[in-house]
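Read through the structure below, which is laid out as structure tokens, and then see the notes.
The values are calculated or read from the model by the stated rules, or taken from the named source; none is laboratory data. Being a predicted model, the structure only gives us computed values, none of them experimental. All Cβ positions, even for glycine, are placed from backbone atoms using ideal geometry, and neighbour counts span all protein chains on display. Accessible surface areas use protein heavy atoms only, side chains included; no ligands, DNA or RNA. Shrake-Rupley method; radii C 1.70, N 1.55, O 1.52, S 1.80 Å.
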Amino acid sequence: AVESEMGEVHHSNKGRESVWDFVVPILVLIGSVFGLLLYYGETWIFGGTNSIAYAFQNAQIAQALFFGSIITLAITLVLFFLRRRICFKTLPKIFLDGFDMMFSVVIMLVLAWTFSAMLKSDLHTGQYIAQNLVKNVPLAFLPVLLLIVSSITSASMGSAWGAIAVMIPIAVPMVISL
């Protein structure tokens, strides 16, 4: 018998492990998110007028991620039910355990995205740092400084994704305005 993380013993799944149980949901997630980015970006593929590059730049990313996750969840559930990996009686516990694992990550990302929007739109932090940086620091040190600041931000937040969400609105406008 194989003991799962939920503390239950599953006799029926022993020896039936497959790499496809891992690969298919990831491919569905990637495919659905990219497809939805093109759809929400109103690309010509879906009857819009925008190019693919413009669609990626101006798509509604949060909606594409949300609905891509919902699509992936639905397809994965159907796949796992058909392959008898899960049953209906374990579904509530699986959802609750997953929610508990992801809740703090989702909160961290929502806060990072909010802070990121404030840094970019309201405070114009990238332009401010660029104006003061040009006067005091050689431009050759810029990549090293961004690496150090990003590392400190990531370590202090405990989230690489949160650090990316905070650093991109600072670094990109800063580099563009130089």
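Some notes on this structure:
- Taking every residue in region 135-159 that is in contact (Cβ under 8 Å) with a residue 12 or more places away in the chain and pairing it with any residue that is assigned to a helix (DSSP H, G or I) and among the small types (G, A, S), at least 6 positions away or on another chain, the pairs with Cβ-Cβ distances below 6 Å are L146/A171; S150/A163; T153/A163; M157/A163.
- All positions within region 110-134 that are in contact (Cβ under 8 Å) with a residue 12 or more places away in the chain, under 22 Å from S154 (Cβ atoms) and open to solvent by 90 Å² or more (accessible area, probe 1.4 Å): L111, W113, F115, K120
- Among the residues of region 15-45, those that are touching a helix residue (DSSP H, G or I) at 6+ places or on another chain (Cβ under 7 Å) and part of a helix (DSSP H, G or I) comprise V24, P25, V28, L29, S32, V33, L36, L37, L38, Y39, Y40, I45.
- Members of region 19-50 found to be farther than 15 Å from A74 by Cα and buried (at least 18 other Cβ atoms within 10 Å of the Cβ), listed by number: L36, L37, L38, Y39, Y40, G41, T43, N50
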